[in-house]
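The numbers here are math on the coordinates, done by the rules we state, and not lab data. Keep in mind that this is a model prediction, so the values were computed, not measured. Heads up, the Cβs are rebuilt from the backbone with ideal geometry, glycines too, and the neighbour counts pull from every protein chain shown.
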C-alpha cells in the first residue's frame, strides 16, 4: 500500500477544505439554526413529543444525517470531478498508485469533512435542546459508515458527471427528497397506513432510524436491519467503483 500517495491526495483535499473553513463552518451552523427555528419552534409548538421524545431533540439525528449525506456526496464528487475536468486525472493514473489508493485518498478526505461538519452540528444542537446519546459507539459507527458510503457514491457521481450541472442533479433531485421523505423530521408511524409501507422502500429511512436509535433507543425499523442496509449499500458502491476502474468507464473519455 502506497501510504505516501494516499496521504498526498488526502492532504490536498483537506487543504482545500481548510482554505474555506469559515464558510464550511458558518453554512451548516446557520442551516441548523434555521431548521430549529422552522421545525423546532414552529412545528414543535404544535407537536410536543414524538414517541416520548421532545420534538426539537427528535429531529437532530435527521438534521445530522441530512448534512452528512449532502456533504459526503458534494465533497467526493467535486474532489474527483475537478481533476477529470482539468485533465490532471491522467497524471494521477500514470503515477505509481493503484485505484484502491486513489479511492482511499479521495473518499477518506470527503468522509472526514462530513464528520467534521456533523460534530459541529451536534455541538450547535446542544445549545437548543438536551441531547442524550444512549449508545455513543453505535452513533459513531452509523455516522462513519454513512459518511464513507455516501462519499463512495459521490465518487461515482463525480466520475459519471460530464459537466458541473450533472454534478448537482443527483444530490438535489434525488438525495435531498429521499432524506425529507426518510423520517428526518417525523416518525414513520405518523404517516397514513399506505405511506408507512411506501416509506420502507426509502433506503435513507434505515440510516436515519439507526442513527436516531443510538440517541434515544427509538427506531422506525430494527437496528440490525438498519446496519445491514448501510453495509449492503457500502458493498454495492465498492463493487461499482471496482467495475469502473476495471472497465475504464467514463475515465477514458
Would you mind pulling out the separation of the Cα centroids of region 228-253 and region 50-105, in Å? 14 Å
Compute the acute angle (0 to 90°) between the alpha-carbon long axis of helix 21-35 and the principal axis of greatest extent of the alpha-carbon atoms of the chain; round to the nearest 10°. 30 degrees
Tell me the Rg and the Dmax, in Å, that the Cα atoms of region 160-215 produce. 13.8, 42
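Computed from the mean reciprocal separation of all distinct C-alpha pairs, what Kirkwood hydrodynamic radius does the chain have, in Å?
Values: mean 1/r = 0.0528 Å⁻¹.
Over the chain, the inverse of the mean reciprocal pair distance is 18.9 Å.
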Would you mind putting 189-197, 4-12, 128-136, 107-115 in packing order, based on average other-beta-carbon counts within 10 Å, highest first? 107-115, 4-12, 128-136, 189-197
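Per 0.36 nm of contour for each residue apart, how much would the distance between residue 98 and residue 238 grow if the chain were fully extended, relative to their Cα-Cα spacing?
Separation in residues times 0.36 nm, less the Cα-Cα distance, equals 48.9 nm.
How many percent of all Cα-Cα pairs in region 32-83 sit more than 13 Å apart?
On the way: 840 of 1326 pairs.
In whole percent, the long-distance tail amounts to 63.
Taking only DSSP H segments of four or more residues, each worth -39500 (n - 2.57), what value at 222 nm results for the chain once the sum is divided by all its residues, to the nearest 500 deg cm²/dmol? Don't jump to the answer; show the numbers that get you there.
Values: 12 runs with 178 residues, N = 253.
That comes out to -23000 deg cm²/dmol.
Rounded if a/c is under 1.5, else prolate if a/b is larger than b/c, else oblate: which is region 1-99, with a ≥ b ≥ c the root eigenvalues of its Cα gyration tensor? Display every interim value, and only then the final one.
Values: a/c = 3.62, a/b = 2.90, b/c = 1.25.
It comes out prolate by the Cα gyration axes.
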